[in-house]
Amino acid sequence: MMARVTKNDLIGIVGPCSAGKSTLIGRLNELNYSCRHIAQDHSYVPDMWQRLVNPIALIYLDVSYGVSMQRRPLNLNLAEFDEQKNRLHHAFKNADLYLHTDDLSPEDVANKVVAFLNDHNIHPPGMQK
C-alpha cells in the first residue's frame, strides 16, 4: 500500500541554522510535497515538533558550525549554535532520516530525501509509483 501525502500530512524538516532546510522545502514543494520547517531549534519544548505538526516523516538536516557560518554568516557564536543542537536532540533521536549536509549540494540533499520518501512509499497527492 502506498502512503500519499495529503494536505494534512506534512513532512517535517528540522535542523540547526543554515543546514539547508528552506532550500529543501522549496525543492520538495516544487514536487508537490507538503512540508513544514519546524523551528525546534528555537524552542525549549523538546517535543514541539510533534505537538505542532506530528509529521508523516521527520527529516533532520545537520551542519557543522563552520559550514553554517560559511553558508550564512549569522550573529551566532559556537555556544549558541550548540544550544540549538541541544534543543533539537529530541527531534534528532526521533528523526526518520538524518542527513549531515556539510559535503552535500542542495541537489544531493533533495535527491536523498526524495529517494527516502519513495523508499517509504510517501508520495505527493495524486502521484503514483
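Read-outs throughout are calculated quantities, based only on the coordinates presented, and are distinct from any laboratory measurement. What you see is a predicted model, and the numbers here were worked out from it, not measured in a lab. Here Cβ is always computed from backbone atoms with ideal geometry, including for glycine, and neighbour counts include all displayed protein chains.
Amide H contacts of Asp62: Leu99, His100, Thr101, each under 5 Å away and 5 or more positions distant or on a separate chain (H built 1.01 Å from N in the peptide plane; Pro and chain starts excluded). When the chain is treated as a Gaussian network with alpha carbon springs shorter than 10 Å, the biggest mean-square fluctuation among Arg36, Arg27, Arg51 belongs to Arg51. Most fluctuating residue of Leu61, Leu28, Leu104 in a GNM of the chain with Cα springs under 10 Å: which is it? Comparing Leu61, Leu28, Leu104 in a Gaussian network model of the chain, the most mobile one is Leu104.
So how strong a dipole does the chain carry about its Cα centre when Lys and Arg Cβ are +1 and Asp and Glu Cβ are -1, to the nearest 20 debye? Don't skip to the end; give the middle numbers.
Working: 13 positive and 14 negative charges, 83 e Å.
For this selection, approximately 400 debye.
Taking the Cβ of each residue in Leu76, Leu24, Leu10 as the centre, tally the other Cβ atoms inside 10 Å and list the residues starting with the fewest. All intermediate terms of the calculation are to be shown ahead of the outcome.
On the way: Leu76 17, Leu24 26, Leu10 20.
Sorted ascending by nearby Cβ count, the order is Leu76, Leu10, Leu24.
Which of these, Gln50, Gln70, Gln84, has the largest mean-square fluctuation under a Gaussian network model of the chain (Cα springs below 10 Å)? Looking only at Gln50, Gln70, Gln84, the biggest GNM fluctuation is shown by Gln70.
For the stretch 32-38, backbone phi angles converted through the Karplus equation (6.51, -1.76, 1.60; θ = phi - 60°) give residue-by-residue couplings of 6, 6, 9, 10, 9, 6, 9 Hz, Gly and Pro being listed as x.
With the convex hull constructed from alpha-carbon coordinates only, the stretch 65-123 shows a mean projected area of 4.9 nm² over all directions. In percent, rounded to a whole number, the relative contact order of the chain is 38, using alpha-carbon pairs under 8 Å and six or more apart. Cβ crowding within 10 Å, taken as a proxy for footprinting-reagent exposure, orders Thr101, Thr23 from fewest neighbours to most as Thr23, Thr101. Sequence-ordered 3J(HN,Hα) estimates for the stretch 62-67 from the Karplus curve with 6.51, -1.76 and 1.60 and θ = phi - 60° stand at 10, 7, 7, 4, x, 5 Hz, glycine and proline given as x.
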